[in-house]
Amino acid sequence: MRSSTATSRATGGARLTAVRAGAMGKDASDADVQTVWLALYRTFMEAVDAVDNGVNQFDTTAEPRYVQARRPSPSPPARPHAPAGLS
């Protein structure tokens, strides 16, 4: 017998699969839905989960445990010059 938490997670997982499938215009059982989810998880969510759970990205000499995708940040805006007499 499943616990209420396990049942809730299974139901939530099915709902999320349905949402992903709907966004893709595919049936929830389509293999592409799972493939896209795994790609998204591995390139984004895995790093978020790892940081949230305190998992170090590197052992001392081993390969990284997860990949953290980054986008280049825009440069910060230039500071305006102080009006004359206020510097």
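Here Arg20 fulfils each of the conditions (1) at pLDDT 70 or above; (2) of a type in the set (D, E, K, R); (3) not in a helix (DSSP H, G or I) apart from (3).
Of all the residues in segment 15-41, those that are over 20 Å from the mean Cα position of the chain (by Cα) and under 20 Å from Ala69 (Cα atoms) number 0.
The residues of segment 23-35 that are in a helix (DSSP H, G or I), exposed (fewer than 12 other Cβ atoms within 10 Å of the Cβ) and of a type outside the set (S, T, N, Q), listed by number, are Ala23, Ala31. For segment 50-69, filtered to residues that are within 17 Å of the chain's Cα centre (by Cα) and β-branched (Val, Ile, Thr), the residue that is modelled with the lowest pLDDT is Val67.
The values are calculated or read from the model by the stated rules, or taken from the named source; none is laboratory data. This one's a predicted model, so the numbers in the text were calculated from it and none came from an experiment. Using ideal geometry, Cβ is built from the backbone for each residue, glycine included, and neighbour counts are taken over all protein chains shown.
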